[in-house]
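Read the structure below first, then the notes.
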Amino acid sequence: MPILNRIAALHEQMTVWRRDIHAHPELGFEEHRTADVVAAKLAEFGIDVHRGIGKTGVVGVLRAGASGRRVGLRADMDALPIREANTFAHRSTHTGKMHACGHDGHTTMLLGAAKYLAETRNFDGTVHFIFQPAEEGIGGAQAMIDDGLFKRFPCDAIFGMHNRPGMPLGKFAVRSGPMMAGGAFFDIDIEGRGSHGARPEAGVDPVLVAAHITAALQSIVSRNVRPVDTAVLSVTQIHGGDAYNVIPQTARLSGTVRAFSSDVMALIGRNMARVAEGVASGFGAKSTTDYRPIFAPLVNDPQEADFAAAICGEIVGADSVKRDPALIMASEDFSSMLNEVRGCYVNLGNGDGEGACEVHNPSYDFNDAALPYGASFFARLVENRLAR
Ligand SMILES: [Zn+2]
Ligand SMILES: [Zn+2]
């Protein structure tokens with residue numbers, strides 16, 4: 001079965017919604033207008049609306065029949081602090097903010113599916129439509145969970161979707177097991193002893209220590225992580241000193257770590273602190289390491305991945321569903337929800353011609369031609385999972 005007819009009929013309307021959200025981007029936990037729009041539409045469709053879950057998060061609840069089965073569908077609503085370079089009519093009207101990751105499209109596709117499911121009610125069970133704030137690195141998923149998301153709205157399984165520039169329209173990618181990396185940020189503060197730049201013997205040079213720690217940290221991925229596990233550690237900032245002739249008292253290293261399992265993430269954090277302390281003390285300095293996991297690795301349940309892939313196959317044909325896409329080094333905070341409830345995250349083609357501009361780029365735009373595919377995926381998923 002291709003795109004659902006009734007969803008194809010919604011395409012024009014969804015395009016209007018998507019462009020309206022695109023024109024009014026809001027940063028994480030500031031999605032007040034977007035949440036208003038989502039809540040108003042859900043209510044108009046006849047869906048129960050719950051607001052203020054994870055600050056600006058919204059949950060819609062739709063029941064049909066008597067079965068106790070429950071499925072959760074999640075979209076993200078936040079934009080990025082990027083100045084949009086596009087000049088089309090629906091460009092950002094909020095200077096310095098932009099829907100450069102396609103969350104406007106994700107929100108719209110879930111709204112499209114909600115409208116369809118509320119009208120047709122061709123299922124038996126409960127659907128939780130989860131509209132999440134603040135996906136871009138500030139913990140919107142966790143904020144909803146901490147506000148009791150899955151206690152108030154229990155789900156047997158949850159599903160989410162991200163657009164993928166460069167992947168042709170009408171294609172899906174579904175991976176079993178690890179799919180996207182976990183991410184951590186770190187700061188290493190080095191305390192030396194300041195002195196005159198010409199009298200190093202009177203001090204302990206934290207800049208030299210920072211240089212040695214930077215080099216030594218590269219041994220963690222190459223020597224401590226198993227070669228079959230993928231990981232990356234990047235020192236992306238070195239700060240220290242203000243003058244040509246002063247050896248400073250302190251220096252700071254900062255950066256990021258990515259890996260595909262929580263164990264590897266933790267191992268890197270432990271070894272980082274040990275290496276930094278050991279190198280610093282060898283030079284007579286001190287170091288303190290602040291290692292902060294921000295995103296958990298995103299891991300799809302194999303059974304739910306098979307299920308999601310079968311649904312994608314119903315819409316676009318099995319040949320258009322890639323089952324072994326490469327691991328993605330970027331992170332995604334739907335992983336926090338998948339740590340609570342089994343489920344699967346899928347990728348949807350945003351186009352290899354128009355729509356190929358990478359996300360987080362000032363020229364990016366979600367491809368409206370993808371809307372019916374994503375909305376049909378969510379709708380068919382419910383009709384299948386909660387079949388009457
Ligand atoms: Zn993003
Ligand atoms: Zn995104």
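The values are calculated or read from the model by the stated rules, or taken from the named source; none is laboratory data. Only a predicted model underlies this, so the values are computations on that prediction, with no experimental measurement involved. Using ideal geometry, Cβ is built from the backbone for each residue, glycine included, and neighbour counts are taken over all protein chains shown. Surface areas here come from the heavy atoms of the whole protein model, side chains and all, with no ligands, DNA or RNA. Shrake-Rupley method; radii C 1.70, N 1.55, O 1.52, S 1.80 Å.
Condition test on Ile311, is it farther than 30 Å from Gln249 by Cα, of a type outside the set (Asp, Glu) and open to solvent by 20 Å² or more (accessible area, probe 1.4 Å)? The answer is no for Ile311. Just checking, which of Ile7, Ile82 is within 16 Å of ligand 2 (Cβ to nearest atom) and in contact with a Phe, Trp or Tyr (Cβ under 9 Å, 6 or more places away or on another chain)? That would be Ile82, the only listed residue that is within 16 Å of ligand 2 (Cβ to nearest atom) and in contact with a Phe, Trp or Tyr (Cβ under 9 Å, 6 or more places away or on another chain).
Yes/no per residue for (1) polar (S, T, N, Q); (2) farther than 22 Å from Gly140 by Cβ; (3) touching a residue at least 40 places away in the same chain (Cβ under 8 Å):
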site	(1), (2), (3)
Ile21	no, no, yes
Ala39	no, no, no
Ala64	no, yes, yes
Asn86	yes, yes, yes
Ser92	yes, no, yes
Thr95	yes, yes, no
Asp104	no, no, yes
Lys115	no, yes, yes
Ala118	no, yes, yes
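Of the set (1) open to solvent by less than 10 Å² (accessible area, probe 1.4 Å); (2) within 16 Å of ligand 1 (Cβ to nearest atom); (3) under 17 Å from Gly102 (Cα atoms), all apply to Gly182 but (3).
Among the residues making up the range 151-166, those that are within 16 Å of ligand 1 (Cβ to nearest atom) and either crowded, with 21+ Cβ neighbours inside 10 Å or closer than 16 Å to Leu298 by Cβ (or both) are Gly160, Met161, His162, Asn163, Arg164.
In the set Ala370, Ala326, only one residue is under 21 Å from Pro165 (Cβ atoms) and free of Cβ contacts under 8 Å to residues at least 60 places away in the same chain; that residue is Ala326. Within the range 324-364, restricting attention to residues that are of a type in the set (Asp, Glu) and open to solvent by 20 Å² or more (accessible area, probe 1.4 Å), which residue is farthest from ligand 1 (Cβ to nearest atom)? By that ranking, first place goes to Asp324. Quick check on my filter: what residues within the range 202-225 are open to solvent by less than 60 Å² (accessible area, probe 1.4 Å) and among the charged types (D, E, K, R)? Result: Asp205, single match. Between Ala375, Ala309, Ala305, Ala370, the distinction of being in contact with a Ser or Thr (Cβ under 7 Å, 6 or more places away or on another chain), of a type outside the set (Ser, Thr, Tyr) and part of a helix (DSSP H, G or I) belongs to Ala305 only. Is the range 115-123 home to any residue that is within 16 Å of ligand 2 (Cβ to nearest atom), more than 18 Å from Leu371 (Cα to Cα) and of a type in the set (D, E, K, R)? No, every residue in the range 115-123 fails to be within 16 Å of ligand 2 (Cβ to nearest atom), more than 18 Å from Leu371 (Cα to Cα) and of a type in the set (D, E, K, R).
If only residues of the range 335-363 that are closer than 14 Å to Met167 by Cβ and assigned to a loop (DSSP other than H, G, I, E, B) are counted, the one that is nearest to ligand 2 (Cβ to nearest atom) is Val359.
Where residues in the range 100-124 are farther than 17 Å from Gln13 by Cβ and over 22 Å from the mean Cα position of the chain (by Cα), which of them is surrounded by the most Cβ atoms within 10 Å (Cβ to Cβ)?
Phe123
If you go through the range 165-220 and keep only what is assigned to a loop (DSSP other than H, G, I, E, B) and in contact with a Cys (Cβ under 8 Å, 6 or more places away or on another chain), you end up with Pro165, Val174. Here the range 257-302 is the region considered, the condition is being among the polar types (S, T, N, Q) and under 22 Å from the mean Cα position of the chain (by Cα), and the residue that is surrounded by the most Cβ atoms within 10 Å (Cβ to Cβ) is Asn300. Within the range 66-83, being open to solvent by less than 30 Å² (accessible area, probe 1.4 Å), of a type in the set (D, E, K, R) and touching a strand residue (DSSP E or B) at 6+ places or on another chain (Cβ under 7 Å) holds for Arg74, Asp76. Summed over the range 44-97, the residues that are part of a loop (DSSP other than H, G, I, E, B), of a type outside the set (Gly, Ala, Ser) and more than 21 Å from the chain's Cα centre (by Cα) give a count of 10. Across the range 128-150, not a single residue is classified as over 21 Å from Ile53 (Cα atoms), open to solvent by less than 10 Å² (accessible area, probe 1.4 Å) and within 13 Å of ligand 1 (Cβ to nearest atom).
Taking first residues from the range 334-360 that are touching a residue at least 24 places away in the same chain (Cβ under 8 Å) and closer than 20 Å to Tyr373 by Cα and partners that are of a type in the set (Asp, Glu) and assigned to a loop (DSSP other than H, G, I, E, B), the Cβ contacts under 7 Å between residues at least 6 apart in sequence or on separate chains come to Gly343/Asp301; Cys344/Asp301; Tyr345/Glu332.
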